[in-house]
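Notes for the one structure printed next.
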Amino acid sequence: MDHAYVEIDAGTNFTFRAGKQNILFGTFEFDRRPFTIYLPSMNYDDLDSYTIGVNTAYTYKKQIFNVQIGNSTYPHYAEKEFAKKAFAVNFRWEGNLFNGLINTRYGIGAFKYDKDKNLPWLTLGTRLNLPNFYAELDYFNGVKSAKLLAMEKPMLVNDQSLLLNMAYAM
């Protein structure tokens, strides 16, 4: 099951959500359901797309500002011994600029790895919307745990990637 949450609209500006939901990375790729991604980025394959937690969203003039607190899932974000106590905090701006010509998903987050260490993430997603065409550019920069090839133990790696997605509707 991809999503299982309760969402409450509190007036015209605030929304509260609790349950299983997308991790609020600042990208467009992570907002999609897995079955709609035909050629995912390495980050999409490596990182969990979902978290169990709470989110508060504030809407102001077509701009949405999110604060999300959720579980920091093992193995990419938390040490095995610390996995049940780990959590993550994410902030995301969902922008709507120039009457929808440009949309943004800019995010910053920290995933609790162990009692002394947080893994930071900066994610920037920008979408250009034209008649019958859109182009999305997603940038990831963060630290995750990875076990490469014949390594005995995973190590922390700084991961950066840039993803371009375009679509044209006939």
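A few remarks follow.
- Derived scalar couplings ³J(HN,Hα) [segment 78-91; Karplus, 6.51 cos²θ - 1.76 cosθ + 1.60; whole Hz; x for Gly, Pro]: 9, 5, 4, 5, 9, 4, 6, 10, 7, 9, 10, 10, 10, 10
- Using θ = phi - 60° and Karplus 6.51 cos²θ - 1.76 cosθ + 1.60, couplings along segment 124-131 (whole Hz; Gly, Pro as x): 10, x, 10, 10, 9, 10, 10, x
- Accessible area (Å², per residue) of the chain, counting only protein heavy atoms and a probe of 1.4 Å: 60
- 222 nm mean residue ellipticity, helices alone, for the chain (DSSP H n ≥ 4; -39,500 (n - 2.57); rounded to 500): -500 deg cm²/dmol
- Compactness index (Cα Rg / 2.2 N^0.38 Å), the chain: 1.08
- Sparsely packed trypsin sites (Lys or Arg not before Pro) within segment 51-139, loop by DSSP, other Cβ within 10 Å at most 13: Lys61, Lys62, Lys84, Lys85, Lys115
- Share of carbon and sulfur in the accessible heavy-atom surface of the chain [1.4 Å probe, %]: 62
- Of the chymotrypsin sites (Phe, Trp or Tyr not before Pro) in segment 75-148, those whose Cβ has at most 14 other Cβ within 10 Å and which sit in DSSP loop: Phe98
- Other residues with beta-carbon under 15 Å from the beta-carbon of Lys115 carry, at +1 per Lys or Arg and -1 per Asp or Glu, a net charge of +1.
The values are calculated or read from the model by the stated rules, or taken from the named source; none is laboratory data. Since the structure is predicted, the reported quantities are computational estimates derived from the model, not experimental observations. Counting neighbours? That spans all protein chains shown, and the Cβs are built from the backbone with ideal geometry, glycine included. Just so you know, the surface numbers come from the protein's heavy atoms only, side chains and all, with ligands and any DNA or RNA stripped out. Shrake-Rupley method; radii C 1.70, N 1.55, O 1.52, S 1.80 Å.
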